[in-house]
Amino acid sequence: MYHKNYVCGHVIETTVLEAVNGAALNWRKLDKDTMINVETGEVKEIQHNANRDSKESLRQTIKKLRMIINANFFGAENELFITLTYAENMQDTKRLYRDFDKFMKKLKRRFKDLRFEYIACIEPQERGAWHIHLLLKADTEELYIENELIADLWGQGFTKTQRLLQVDNVGAYLSAYLINDGDKKGQRLHYYPSGVNIYRCSKGIKKPAVVIGDMCIDDKHKVYEKSFDIVVDDEVVNRVTLRQYNLLRDTGR
């Protein structure tokens, strides 16, 4: 059995493969259209579904983003969650990032004594308009910036500035904004155009640590589990289990 763990602060995401040397592990992609069995040399075409592949790619990007967020943001006193919107129906992502860069330069000039780190995520609306969700932290014990000042520095429309002190999984909290449209889970994935950069990070943002092997985490901290089979030529060759643990929670299992 093979365990791969992504350690993101107090949140740990684990992938478990039941068969370490199963047939599924012998298949490798040659390119975007073909894969090869490294033992037999057999080559197969990869069947593409444009809509499904695009949607799955977005899901994987947001999964990666979720883990990066949890490795850096914990709902601490020196962190803020800021939403930056436009008064107009602004649909140009290049302008979106240009305006964001201008905003960050103004913010850094205003607070010259602080060093900021951030993760900025863009979110589309059904009508095509964009806005930004910004996770911001500073090298101080407590960070407070009035929303009126944020709105003045942004200068494009409505802003909202808040703390996430009661949130113990900031990555999941923000991912819900990016994926779901109200009660419609996953609906917002359809609004993202192909090739758009969903997020960007400052240089000081850390990547999750990777640990191979069973970390023997107590099941009382487990908050999510899902299993599925890998099928090759109609034969189940492996079973994958995804788990998420939150060390700040005790589920009583």
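The values are calculated or read from the model by the stated rules, or taken from the named source; none is laboratory data. What you see is a predicted model; the values in this text were computed from it and never measured. FYI the Cβ positions are ideal-geometry reconstructions off the backbone, even for glycines, and counts take in every protein chain you see. Areas reflect the complete protein model, heavy atoms only, side chains present, ligands, DNA and RNA absent. Shrake-Rupley method; radii C 1.70, N 1.55, O 1.52, S 1.80 Å.
Observations on the model:
- Between the range 107-138 and the range 140-217, the C-alpha centres lie 9 angstrom from each other.
- Between the amide H of ILE230 and those of VAL237, ASN238, ARG239, VAL240, distances stay under 5 Å, these residues lying 5 or more places away or on another chain, with hydrogens modeled in the peptide plane.
- Low-density loop cleavage sites - GluC sites (Glu not before Pro) in the range 120-192, where at most 10 other Cβ are within 10 Å (DSSP): GLU126, GLU141, GLU142, GLU146
- Lys pairs, the range 110-253 - Cα-Cα below 21 angstrom, 8 or more residues apart or on other chains: 8
- Kirkwood-type hydrodynamic radius, the range 56-114: 14.4 Å, calculated from all non-identical alpha-carbon pairs.
- Per-residue SASA entry for VAL231, accessible area with 1.4 Å probe, Å² rounded to 10: 80
- Two-decimal Rg to Rh for the range 185-252 - Kirkwood Rh, Cα set: 1.07
- Hull volume per residue, based on the alpha-carbon atoms of the range 114-251 and their convex hull, is 209 Å³.
- Each residue of the range 93-109 is assigned a 3J(HN,Hα), and the resulting list reads 5, 5, 5, 3, 6, 5, 5, 5, 4, 4, 4, 5, 5, 5, 4, 5, 5 Hz, derived from the Karplus form 6.51 cos²θ - 1.76 cosθ + 1.60 (θ = phi - 60°), x at Gly and Pro.
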